[in-house]
Amino acid sequence: MNVNENTSSLFSVLTADNNELSKTVKNDSHVQADHVQDSLMFLIEKCESFFKYVSCQGSLLEKFGFTRDELEGKTLEECYTFEFAKRRAGSFMQAWEGNSVAYEDEINGIPYLGAVSPVYNSEGHVQQLQGFCVDISSWKQSEQRLKEREQYFRTLVKYHPDGVYTLDTDGQFLYVNPAGALIAGYESHELVGKQSFPLIVPEERENAKIYFHRAREGHVLKYEIKIYHKNGMKVPVEVTNIPITIDGKVHSIYGIVKDLTQSKEYEKELNFVKDRLSGMIQHSADAIAIFDMNDRLIDANPTYENIYGWKRRELIGFFVRHIPAELKESYYSMVENVKKGMKYSGIETVRIKKDGSRFYVNVTMSPLKDENGTICGYSTVIRDITAQKRAQEALHESNEHYRIITENTLDLINVFDCDGALLYASPSLKTILGYEVQPYTKSDIKKIIHPDDSNSMFEMFQKMLESKDSFKKDYMFRHADGHWVYLECHGMPVLNSEGEVESFVTISRDITDRRQTEDFLRKSEKLTVLGQLAAGIAHEIRNPLTSLKGFTHILRAKAEEEDIEYYEIMLSELDRINTIVGEFMMLAKPQPRDVKLNDVNQLLAEVVALLMAQANLHSVQIAFDSVPLPTLQCESDQLKQVFINVMKNAIESMEEAGGTLSVETKRTDEWISIHFRDEGCGISEEMLTQIGEPFYTTKEKGTGLGMMICYKIVENHRGKIEVKSTLNEGTTVTILLPVQKGYVS
Ligand code: ADP
Ligand code: MG
């Protein structure tokens, strides 16, 4: 074992590196207090082959657990264990041979450093050995701590997220941590031992050298520089250089390097955002102004100038001038709140322009804070909403118009969804169809639309969905009280912004009256044609008919017994022709004639009496029930003809089963009504519409002219005929005649 080497290395730690050590453990008060170590001085003699303590003294002695008496005058072998004594004897022997020897050992658990050197006599022979021991336990501890700390720092440095490196004074890498190497795209071992300058981009290399020199002179520096990445890209980095000084000399340079790429980009982004923001403010369609805490305008964007008409120089530094007098109080109370941190947005109010005109605005006011979060002013953002307001008002107005129209229209306005359910109905639903206004489903609607029309209407909707065209068609709906109402429907699809059908609107008009008028016109047209025809031919037929009848009578009187039957048939057929021609004549007869005041009850009573015989024949009872009626200007024979026709039809309808024909008169302020109700076969719905058309008959011997004549006569009297009937239950024919109006030609 080479003790000398060991010792010198330890000494170097204690001396040269002591700076480092004390630096690292600078704050360790325990180590500093230990600068005065326990020591021991001794003298040794050699007797034959044994080394013997002559004297020893020092504080370390006690620590070692000895008294002076226990050592002085004793040999090593007497004092120590065999092994220890042998070790010491070795070092002492070297000293006896003329060397200065240092050794490190341990007694009683205390590490100590020993040094022993020869003491020569006047003849130049070694006479004694003198020695010195010093307690190094605290240094030992420090050494241990140093090791630990070094390990600790190494680990710290190795895993430090920033790059950490050491350069020697020539700029070569002594150490680079992985993070540092990675910034340049390398691994630590690729850089250690290499020059650092080639990593710097050429244009900044000179600067880097200047920085390096300054660090070498002992200055701590921080600078930004660009380095090359292994892949050739330039990487901006921030470098901190700390010179490491040992014994007042810069020994190496410690560096911390940070990759700035990201933060640079953030900065760029931030600037971009800032630029964009100010660009947005500059070009914003909203007027933006900033006020200080004294309510003076500090800045305003161009829109602000444009909206208000004041130039910048008339605004900056001035108080706000565009608040209508009556709003000033509320404006300043808002301002006070904003200064306390409140924010207003979307306040609709009025502002004044330079020219004094007022306009609608939408105002947002927010407090402005400085970097410490203290409110230092406020901003106002103003949007001119005059156009919007006008449009709103116009819309409201037109909505109001539409509302008034739809709410008050006599027509029925409906909105259906695409499935055919009713979404909206105008209040006229109640007046036209008698139903309450409420949503109806498609099947609800199907219940009230005429079965013949139901499919056709929904098919029409389907067609509209595809073609997006409007349509016009007539449909029949059942009124809440049961009768049918004709509606002329005008339907149109409502398109949304994408051009798709969203719903349907139908506007329907009650055309029941018109339909009746049309029917009437149709009938009366037939009547007129028929009337003209009749007028032309009736006379021509009547005359020959008279002679035919007369001569048949004469022939019958002379006829053989077996031929009489034929003459009878001929005569009855001639009568039949005569009746038909008679009825034709009635149609064609020029009116008016014989208009007088008549009591309708009286006329009815006469007809009832006349038909009683025929009724009895078919076991039909006639019940006549009357209320007093005003007299009417009318043609009695013609009205009687009507009553006869109607009552004959009623009796004929009960021919098979018998029954009661009730005749009843009623009156209202406007009308006299005569009701003929039978219990006969009734008329089917579709037949009902045909009643009154010429030649419409269901009877073998019928002419199909009776009802037609009735309509004609009643209409001539400005009255109406209504027929209601249920198949197999009976029919009610109602004749309405206007009161007081009488007969007008
Ligand atoms: P006609 O009696 O000659 O057939 P009308 O014009 O008087 O001709 O009547 C036309 C048709 O109307 C009749 O054939 C009959 O089918 C129907 N009709 C009229 N009144 C009644 C009634 N009270 N009950 C049932 N059917 C009726
Ligand atoms: Mg008839």
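Rule-based calculations on the coordinates, nothing more; no lab input. Note that this is a predicted model, so its numbers are computed, not measured. Quick reminder, even Gly has a Cβ in these numbers, built from the backbone with ideal geometry, and neighbours come from all protein chains shown.
Which value, in debye to the nearest 20, gives the size of the charge dipole of segment 49-195 about its Cα centre, when Lys and Arg are +1 and Asp and Glu are -1 at the Cβ?
180
By the gyration tensor of its Cα atoms, with a ≥ b ≥ c the square roots of the eigenvalues, what is the shape of segment 385-504: rounded for a/c under 1.5, prolate for a/b over b/c, or oblate?
Taking the square roots of the gyration eigenvalues as a ≥ b ≥ c, segment 385-504 is oblate.
By how many nm would the segment from Asn231 to Asp275 grow when fully extended, if each residue of separation counts as 0.36 nm and the alpha-carbon distance is taken off?
Taking Asn231 through Asp275 to full extension adds about 12.6 nm, to one decimal.
How would you rank 380-393, 300-313, highest first, on the average number of other Cβ atoms within 10 Å across their residues?
300-313, 380-393
Pop the C-beta distance of Thr546 and Arg514 into the FRET formula with R0 = 45 Å and round what comes out to the nearest 0.05.
0.50
Using Cα pairs under 8 angstrom and six or more residues apart, how large is the relative contact order of the chain, in percent?
5
Normalised by the residues of segment 596-738, what does the relative contact order come to in percent, with Cα pairs under 8 Å and at least six apart?
Contact order relative to length: 23 percent.
Computed FRET efficiency, Cβ-Cβ of Lys472 and His160, R0 60 Å: what is it to the nearest 0.05?
So, using R0 = 60 Å, E works out to roughly 0.10.
With a cut-off of 15 Å, note down the residues of segment 538-553 whose backbone N falls inside the zone around a label point 7 Å from the Cα of Asp563 toward its beta carbon.
Counting backbone N atoms under 15 Å from the label point, the list is 551-553.
Would you mind calculating the relative contact order of segment 159-272 from Cα pairs under 8 angstrom and at least 6 residues apart, reporting the percent as a whole number?
For segment 159-272, the relative contact order is 25 percent.
Roughly how many debye, to the nearest 20, is the charge dipole of the chain about its Cα centre, given +1 on each Lys and Arg Cβ, -1 on each Asp and Glu Cβ, and no other charges?
With only Lys, Arg, Asp and Glu charged at Cβ, the dipole is about 2480 debye.
Multiplying the sequence separation of Ile537 and Thr169 by 0.36 nm and subtracting their Cα-Cα distance, what value in nm do you get?
118.0 nm
Taking the dipole about the Cα centre of the chain, with the C-beta of Lys and Arg at +1 and of Asp and Glu at -1, give me whichever of Pro451, Val494, Ile404 is farthest to the positive side.
About the Cα centre, the residue reaching furthest to the positive side is Ile404.
For the residue pair Ser333 and Asp594, what label-to-label distance in nm results when each label sits 7 Å from Cα along the Cα-to-beta-carbon direction?
9.3
Would you mind telling me the antiparallel percentage of the DSSP bridges in the chain, rounded to 5?
95
With the crude spin-label approximation of a point 7 Å out along Cα→Cβ, what separation in nm comes out for Arg667 versus Ser137?
About 14.6 nm, to one decimal.
Considering only Thr552, Cys634, Ala391, whose Cα is most displaced toward the positive end of the charge dipole of the chain, charges sitting on Cβ of Lys, Arg (+1) and Asp, Glu (-1)?
Positive-most Cα among the choices belongs to Ala391.
So how tilted is helix 3-14 from the main axis of the chain? Cα-based, degrees 0 to 90, rounded to 10.
The angle comes out at about 50 degrees.
How far is helix 564-588 tilted, in degrees, relative to the longest principal axis of the Cα atoms in the chain, given as a value from 0 to 90 rounded to the nearest 10?
60
According to a simple spin-label model (label point 7 Å from Cα along Cα-to-Cβ), what is the distance in nm between Lys86 and Phe624?
Using points 7 Å along Cα→Cβ, the separation is 16.9 nm.
Taking the Cα atoms only, what angle lies between the long axis of helix 202-216 and the longest principal axis of the chain, rounded to 10 degrees?
40
Please give the FRET efficiency for Thr67 paired with Gln130, using the beta carbon to beta carbon distance and R0 = 22 Å, rounded to the nearest 0.05.
Between Thr67 and Gln130 the formula returns 0.60.
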